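One structure is given below, encoded as structure tokens.
The values are calculated or read from the model by the stated rules, or taken from the named source; none is laboratory data. None of these values were measured; they are calculated from a predicted model. Virtual Cβ from ideal backbone geometry, glycine too; neighbours counted across all protein chains shown.
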Amino acid sequence: MFEQTFKNIDDILHKDAGCGSELDYVEQTSWILFLKYLADLEKDKETAAQLTGKTYTKLLEKEYQWAVWAAPKLENGAIDHNAMTGDDLVDFVNEKLFPYLKKFKTSAEHPDTIEYKVGEIFSELKNRIQSGYNMREVVNLIDQLRFRTHAEKHEMSHLYESKIQNMGNAGRNGGEYYTPRPLIRTIVKVVNPKIGETIYDGAVGSAGFLCEAFDYLTHVKTHERASLSSKDTETLQKKTFYGKEKKSLAYIIGTMNMIFHGIEAPNIIHTNTLAENIADIQEKDRYNVVLANPPFGGKERAEVQQNFPIKTGETASLFLQHFIKILKAGGKAGVVIKNTFLSNTDNASIAIRKELLNNCNLHTVLDLPSGVFAGAGVKTVVLFFEKGAPTQKTWFYQLNLARNLGKGNPLNENDLAEFIELYASRASASEGPETPNSWNIDGRKVAELAEADLSAKNPNTPEEAPLRTPKVILDEIKALDKESETILNSILDLI
């Protein structure tokens, strides 16, 4: 139901003059989806209140409720043909609905409420659908979707993820928001967060890490117990997931994604993480777990660099300093970063590597092949570390696949199955298993070296055969020429 509806909506938006790319399709579908989701959420809350003999007051005034402006119904359940459309619908949305919803940001009692998130979302978004007839078609399609049961919400969250993936593949800056979900799930499994721990992503993007961690804690962990207690549920909803995002569209999509996954009022802040001076981070600001894929390749201005003890223009290196600082003692992290970080010889990279090795236990490095990030054209590694004790042994695992990765042939969880299996045995030992794809290094010795080079050089890879000498190559060419001559003569004899 959801998948075909999404395709039909994209076809409609493709015809609209105000929507020019997959990013616009996601953005415009998101705000209408959100208002329908909110309407269904309010129905559930109203029903729950009635069952306990209480009265539920709806969040939105009647004029702005979905069932009034978007989908007024006839007795047979069909949308009233007198429902607003054309210019009337666009004017209502632009001049009344959006200004009304923006006000919730200032009137909400607390940032941790759904009211505040409504205000935040509609302060950042703009309606780009220019044709009121196109908007009416989209609204009618979305009205057919239901978000009442767990199965419906689960399907919705997966399809919204696929929309985000398409946006990332579409180019422009969409790719910054999307980390392949098989990789995220693997990182979450290795870090293994627990209910009661706080989980943070300072470059939240589409909130893939926080959503997957939520799924891990709710779905995976329920196999270990009868069910989540009401206290656990409240902890996961309000006191577990935290994020920051600089870009408006990514902030909106990340917030929406978490809401669709079941986190009613996500603790995501729209801010530039790197604009905060890390010297100001106090114990109350720290988290138990960091999961992140900070943007790489960016360059930060001099005033931003002043917020860090190790000055560098490289965005990812600044984020890594931030993550180390914001982790609690004993805190765990899984961070994606360009593989050049392991061996860059500039002073800042060397200093950050030494800080990481001396102040954290960098216990595992996952070395990924190129093509994991479609269109990025860079190789990356995942750093797994714990704060509070220096590195002793670092286990490297090199993901060597028998195929080239790309948009049509993406990374999948089976590709990472061996890594997960070997890591499980590494977790209970002082060092990781040695295989053709994995090896250990002495982190203490590396930290003492002048450049603290952590390059992922697999010592178990068989040496390549030496190159042939020019004489051998020429002799082979002569032999091939003779063979060609013999074949040609045989053909001539047959003619």
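Identify, from the list S425, S484, S490, S430, the residue that is in a helix (DSSP H, G or I), closer than 20 Å to H363 by Cβ and without any contact (Cβ under 8 Å) to a residue 40 or more places away in the chain.
Details: S484 fails: closer than 20 Å to H363 by Cβ; S490 fails: closer than 20 Å to H363 by Cβ; S430 fails: in a helix (DSSP H, G or I).
Result: S425 is the single residue among S425, S484, S490, S430 that is in a helix (DSSP H, G or I), closer than 20 Å to H363 by Cβ and without any contact (Cβ under 8 Å) to a residue 40 or more places away in the chain.
Exactly one condition in (1) touching a Pro at 6+ places or on another chain (Cβ under 7 Å); (2) more than 18 Å from Y242 (Cβ to Cβ) is false for G297; which is it?
Every listed condition holds for G297 apart from (1).
Among what's in region 402-418 and is hydrophobic (A, V, I, L, M, F, W, C) and exposed (fewer than 14 other Cβ atoms within 10 Å of the Cβ), pick the residue that is farthest from A329 (Cα to Cα). Show your work before the answer.
Just the residues of region 402-418 that are hydrophobic (A, V, I, L, M, F, W, C), to begin with: 402, 405, 411, 416-417.
Of the ones still in play, those that are also exposed (fewer than 14 other Cβ atoms within 10 Å of the Cβ) are 402, 417.
Details: A402: 40, A417: 30 Å.
Only one residue tops the list, namely A402.
I need the helices (runs of 4 or more DSSP H) fully contained in region 173-248, keeping only those with at least 3 residues that are modelled with pLDDT of 90 or more and in contact with a Pro (Cβ under 7 Å, 6 or more places away or on another chain).
Numbers: elements: 181-191, 208-215, 230-238.
In region 173-248, there are no helices (runs of 4 or more DSSP H) which contain 3 or more residues that are modelled with pLDDT of 90 or more and in contact with a Pro (Cβ under 7 Å, 6 or more places away or on another chain).
From the list K311, K328, K332, which residue is part of a loop (DSSP other than H, G, I, E, B), touching a helix residue (DSSP H, G or I) at 6+ places or on another chain (Cβ under 9 Å) and in the same structural domain as R181 (by TED's automatic domain parsing)?
K311
Could you pull out the residue among L60, L23, L35, L13 that is touching a helix residue (DSSP H, G or I) at 6+ places or on another chain (Cβ under 6 Å), surrounded by 11 or more Cβ atoms within 10 Å (Cβ to Cβ) and without any contact (Cβ under 8 Å) to a residue 60 or more places away in the chain?
Numbers: L60 fails: touching a helix residue (DSSP H, G or I) at 6+ places or on another chain (Cβ under 6 Å); L23 fails: without any contact (Cβ under 8 Å) to a residue 60 or more places away in the chain; L13 fails: without any contact (Cβ under 8 Å) to a residue 60 or more places away in the chain.
That would be L35, the only listed residue that is touching a helix residue (DSSP H, G or I) at 6+ places or on another chain (Cβ under 6 Å), surrounded by 11 or more Cβ atoms within 10 Å (Cβ to Cβ) and without any contact (Cβ under 8 Å) to a residue 60 or more places away in the chain.
Restrict the check to region 348-355 and report whether at least one residue is surrounded by fewer than 18 Cβ atoms within 10 Å (Cβ to Cβ) and part of a strand (DSSP E or B).
no
Does at least one position in region 452-472 carry a residue that is in the same structural domain as N192 (by TED's automatic domain parsing), among the acidic types (D, E), surrounded by 10 or more Cβ atoms within 10 Å (Cβ to Cβ) and modelled with pLDDT of 90 or more?
No: region 452-472 contains no residue that is in the same structural domain as N192 (by TED's automatic domain parsing), among the acidic types (D, E), surrounded by 10 or more Cβ atoms within 10 Å (Cβ to Cβ) and modelled with pLDDT of 90 or more.
Can you find a residue that is farther than 24 Å from L13 by Cβ, assigned to a loop (DSSP other than H, G, I, E, B) and more than 33 Å from the chain's Cα centre (by Cα) anywhere in region 39-51?
So in region 39-51, the residues farther than 24 Å from L13 by Cβ come out as 41-51.
Going one step further and asking which of them are assigned to a loop (DSSP other than H, G, I, E, B), we end up with none.
Within region 39-51, not a single residue is farther than 24 Å from L13 by Cβ, assigned to a loop (DSSP other than H, G, I, E, B) and more than 33 Å from the chain's Cα centre (by Cα).
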